[in-house]
Amino acid sequence: MGRNFFRRRKLKQESAEGEDFSTEIGVDLEKNLQDLQTMIGSPEDLVIHRLNLGFNVKAAVAFISGLSNKEAIHNDLIKNLLRNREKEAGSDTPDELIKQLKLDLISIGSVEQTNSLDKLTIDLLSGKSVVYVEGTAEALLMGTEKWETRSIDEPISESLIRGPREGFVENLQTNMMLIRRHIRDPNLRFDTSEVGRRSKKKLVVCYVDGIVNPDMVKEVDRRLSSIDMDSAMESGYIEQWIEDSYLSPFPQMDNTERPDKVASAVLQGKVSILLDGSPFALIAPITIANAFKSPEDYYDRWLIGTFLRVIRYIGAFITMFLPALYIALVSYHQGMIPSQLAFSIAATREGVPFPAFVEALIMGLTMELLREAGARLPRTIGQTIGIVGGLVIGEAAVSAGIVSPIMVIVVALTAVASFTIPLYSVAISFRLLRFGFMFAAAVLGLYGIVLVYIMINIHIVNLKSMGVPYSTPFAPSFIKDWKDLVLRGPIPMMNERPRNLKPKDTTSGNLRR
Amino acid sequence: MSDFKYGDETISSREIMIALPAVTIGVGILSLPREIALLTVGADGWIALLVAGIMITVITWMTSKLAASYPGETFLSYSSKLVTKPVSILFSLILVMQSLLLSAYVIRVIAEIAKAYLFDRTPLEVISLTFLLVVVYAVSGSRAGLFRLNMLFFPIIVLITFILSLFSFGWFEMDNLFPIFETGVRDQIKATEISGLAFVGFNILFFYITLVKDTKKVPKASVHGMLMVIGLYLLIFFVNLGVFGNAVTGNLVYPLIELAKEIEIPGGFFERFDSFFFVIWIMAIFNTTAMSVDVSIYALQPFTKLKKQTLLFCMAPLIYIIGMVPEGSIEVAKLGTFIGYFGIISSSGITLILFTISKIRRGRKKEHAAK
């Protein structure tokens, strides 16, 4: 893993090898168009318009039809080119002509001049249109990108009761706009780079200069520059490439569809990574405490926010421990269960042929199956499967004598509890760890459970996210950060940014004013 | 990443403050009330406990003062300045042995208690081995990680002790604490001696203070750490004596765990709180063991030039074998007493020798400077 970080990026386009065309733009217009077509294999959606600029100066406009704004190309670009032909083409040399055109075509938006076929092709494939002029080795690139996108929608994976309803979309520009609408600080930075040998997707590192610790940005940049892969389909690719430990069950970066969450994170001194084509932004660094935080905590009053957090911590413990506790108590420490309850558990387990561990494993797996099936199926059917399937299987399993009713309660409670954790990727880890606890409980009872708990703690204290220990701010303890940990302090009192991120600007407000 | 130093291998004085009680509180206190109660009348044992605690606190202060006056230097380097190289090697080997024996003893005791309170059929060896493996996993990680574990687990230990004490109030009888001041001086001294054994573990200071950045705060922090131990021990002692009385406490093998058995947690979730209490207490015992193993590895490293992990994998079987040698709980208890005496005498002795010599040296230097 470490070695990969230092691997240099390959800059050369490998597809250019072995074919007979130059990678430079020449002076011959027809040859240039030929080269372009050879390079990208003359696809159907490549549109080439040949024009005459007058005095026999030939020109051509090329663009990819699905990626470009045809109206703009026809109305602004081509009309402008033709309108100016009397004025310019006669006197100047082609090189000066193209410079003049660059100034005249300002109405298009961005205009760039290049002589590299590589750059030209990549830009063309990302939606720009190209203007060639006969007799010059320069070409103009026009910013005419426009394609179909999904409109801004409510984030599906993170729904809140109270809070903004906007979610990120697949378009990077829109996503940047959504963040900008939350922070109008001139220090808000969007550092753009490209990722993917073949996909050449845009990747943006977002932070607020003057708040974030510069070392953090440097570290993120260093890791990002080590990425070398064909394509990053989703920000998850980026996350997995730059994370600290790929052996850990815990995610070391947060992902979110919510612009408000990104905005509040960068204002705290974190760094966010956005990838074109992905509605999920990454936020780094995170600690284990982030798994229990949701934007909603801050939108409701502090008492409610604190209560919700406590509920989530309890939820996490139930998710991990409840089935294991059941196994341990039933198979090793019957004496610990109050006698009334012990009798009723024993009575219901009367006809069950399996040991508690097998029983719990069957139900646990069934629950995971149902959940996975519910996620895969179309939404309307999915809900039916979830509820009806759960009920039917639970009910039938009990009456068939495969599991005891108390096991159904345990499994149902575990399932409900696991949904309380806002960070989905952590919730999955907890569900996975639950099976570890179950095995330990089956082998060594309560003793096994506490040993596994200690092991998870050992893992957490050794894990880091972008160099920040995963167990902060519990330990290493930052007591000032504790007012936004399990407790969520009243908003006027949270006038300092988290100390564990070592922000350059530590205060975010002033209570006394 | 210069600004994220706290993620590195350095520790703060606050972490030392937590590490001390985390190491000291372990298996000793589980049986300590019995040992004190056997020698004293009523609840008089608190005097012995307090005196022993204060003495150890003074020695702890000396140890940390000594180590902190050589910031950034290892035990070997500053002690060889004071008492020649061979003697300092001897000293550090004694300290290493103390930690190794302590960890071996602890993994044995945890199995004994687990057998008594959690399961009866699981063999001792398996219980010890699994525990040792978890300790090995912890030690093979980063050293700073161990200190973070202390910080995570110690509050839980304090909390469970407070919960236990709180719910014991219903069973607490003032009469059990009387008569007062009836114990003879000789018995008090004997009880003080026994109490001192439960404070074994501060030898980690000799080695870990090297890693601390803000050394000036360390002596104060370690005194605070020790005071926490005394406070917690006194609380446990009083609650034990108050609930059971002197005679009963003297006959219980692990009075603290029995206390958890006696009380009833409202709500009726647990029929027996003792198993649960012991399971939580395993975290305290884990901290003791992990720190002891780590400190012995840390102290041995300069001699062997081996990697930390390699050394650890060599030491772990040794610890396991030592832990498995005693047969029966009487021999285990004997080993415990031996380790207590050995630990307290050797660490206090080394501290006193080094501290005195360093004071004399400093004094001479000042005289020279004055002349």
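The values are calculated or read from the model by the stated rules, or taken from the named source; none is laboratory data. This one's a predicted model, so the numbers in the text were calculated from it and none came from an experiment. Cβ coordinates were reconstructed from backbone atoms using ideal geometry, including for glycine residues, and neighbour counts include every protein chain displayed.
General remarks:
- For the stretch A:190-231, the set of residues classified as under 24 Å from A:PRO155 (Cα atoms) and among the charged types (D, E, K, R) consists of A:LYS201, A:LYS202, listed by residue number.
- Hits in the stretch A:343-368 - residues which are surrounded by 16 or more Cβ atoms within 10 Å (Cβ to Cβ) and either within 14 Å of chain B (Cβ to nearest Cβ) or among the aliphatic types (A, V, I, L, M) (or both): A:ILE345, A:VAL352, A:ALA356, A:ALA360, A:LEU361, A:ILE362, A:MET363, A:MET367
- Restricting the search to helices (runs of 4 or more DSSP H) fully inside the stretch B:25-121 and requiring at least 3 residues that are of a type in the set (D, E, K, R) gives B:85-117.
- For the stretch A:326-343, the set of residues classified as touching a residue at least 60 places away in the same chain (Cβ under 8 Å) and either touching a Pro at 6+ places or on another chain (Cβ under 9 Å) or over 21 Å from A:ALA442 (Cα atoms) (or both) consists of A:ILE327, A:SER331, listed by residue number.
- Those residues of the stretch A:144-170 which are closer than 24 Å to A:SER193 by Cβ and either surrounded by fewer than 18 Cβ atoms within 10 Å (Cβ to Cβ) or basic (Lys, Arg) (or both), in sequence order: A:LYS146, A:TRP147, A:THR149, A:GLU170
- The combined condition, being assigned to a helix (DSSP H, G or I), outside the structural domain of A:GLY389 (by TED's automatic domain parsing) and of a type outside the set (Phe, Trp, Tyr), is fulfilled by A:ASP481.
- The set of residues in the stretch A:416-461 being within 23 Å of the chain's Cα centre (by Cα) and within 12 Å of another protein chain (Cβ to nearest Cβ) consists of A:ILE460 alone.
- Selection status of B:THR24, under 22 Å from B:GLY141 (Cα atoms), polar (S, T, N, Q) and modelled with pLDDT of 90 or more: yes
- Some residue of the stretch B:58-74 being more than 15 Å from B:SER358 (Cβ to Cβ), modelled with pLDDT under 90 and out of contact with any Cys (no Cβ under 9 Å at 6 or more places or on another chain): yes
- The stretch B:143-176: number of residues that are surrounded by fewer than 17 Cβ atoms within 10 Å (Cβ to Cβ), in contact (Cβ under 8 Å) with a residue 24 or more places away in the chain and within 14 Å of chain A (Cβ to nearest Cβ): 1
Quick grid of which residues meet (1) touching a Pro at 6+ places or on another chain (Cβ under 7 Å); (2) buried (at least 22 other Cβ atoms within 10 Å of the Cβ):
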| site | (1), (2) |
| --- | --- |
| B:VAL223 | no, no |
| B:MET226 | no, yes |
| B:GLY231 | no, no |
| B:LEU234 | no, no |
| B:VAL239 | no, yes |
| B:GLY245 | no, no |
| B:THR249 | yes, yes |
| B:PRO255 | yes, yes |
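- The set of residues in the stretch A:313-342 that are within 10 Å of another protein chain (Cβ to nearest Cβ) and among the polar types (S, T, N, Q) comprises A:GLN334, A:SER339, A:GLN340.
- Residue in the stretch A:189-211 that is within 14 Å of chain B (Cβ to nearest Cβ) and β-branched (Val, Ile, Thr) present: yes
- Evaluating B:ALA316 against the criteria (1) away from chain A (no Cβ under 14 Å); (2) over 23 Å from B:ILE113 (Cα atoms) leaves one unmet condition, (2).
- Residue satisfying all of: in the stretch A:322-338; closer than 9 Å to A:VAL410 by Cβ and touching a helix residue (DSSP H, G or I) at 6+ places or on another chain (Cβ under 6 Å); surrounded by the most Cβ atoms within 10 Å (Cβ to Cβ) among these: A:PRO323
Conditions tested, residue by residue: (1) surrounded by 13 or more Cβ atoms within 10 Å (Cβ to Cβ); (2) under 23 Å from B:LEU76 (Cα atoms); (3) hydroxyl-bearing (Ser, Thr, Tyr).
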{"residue": "B:GLN301", "(1), (2), (3)": "yes, yes, no"}
{"residue": "B:LEU311", "(1), (2), (3)": "yes, yes, no"}
{"residue": "B:PRO317", "(1), (2), (3)": "no, no, no"}
{"residue": "B:ILE321", "(1), (2), (3)": "no, no, no"}
{"residue": "B:MET324", "(1), (2), (3)": "yes, no, no"}
{"residue": "B:ALA333", "(1), (2), (3)": "yes, no, no"}
{"residue": "B:GLY349", "(1), (2), (3)": "yes, yes, no"}
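- Count of the stretch A:212-253 residues, restricted to those that are within 14 Å of chain B (Cβ to nearest Cβ), farther than 30 Å from A:LEU432 by Cα and not polar (S, T, N, Q), is 9.
- Complete set of residues in the stretch B:122-139 that are at the interface with chain A (Cβ under 10 Å from one of its Cβ atoms) and either surrounded by fewer than 18 Cβ atoms within 10 Å (Cβ to Cβ) or assigned to a helix (DSSP H, G or I) (or both): B:VAL126, B:ILE127, B:THR130, B:PHE131, B:LEU133, B:VAL134, B:VAL135, B:TYR137, B:ALA138, B:VAL139
- Residue that is surrounded by the fewest Cβ atoms within 10 Å (Cβ to Cβ) [pool: residues in the stretch A:462-489 that are touching a strand residue (DSSP E or B) at 6+ places or on another chain (Cβ under 7 Å) and more than 7 Å from every other protein chain (Cβ to nearest Cβ)]: A:LYS480
- When residues in the stretch A:492-513 are screened for being touching a residue at least 60 places away in the same chain (Cβ under 8 Å) and out of contact with any Phe, Trp or Tyr (no Cβ under 7 Å at 6 or more places or on another chain), 7 of them pass.
- Being in contact with a Leu (Cβ under 6 Å, 6 or more places away or on another chain) and more than 14 Å from chain A (Cβ to nearest Cβ) holds for only one residue in B:GLU331, B:GLU327, B:GLU262, B:GLU258, and it is B:GLU258.
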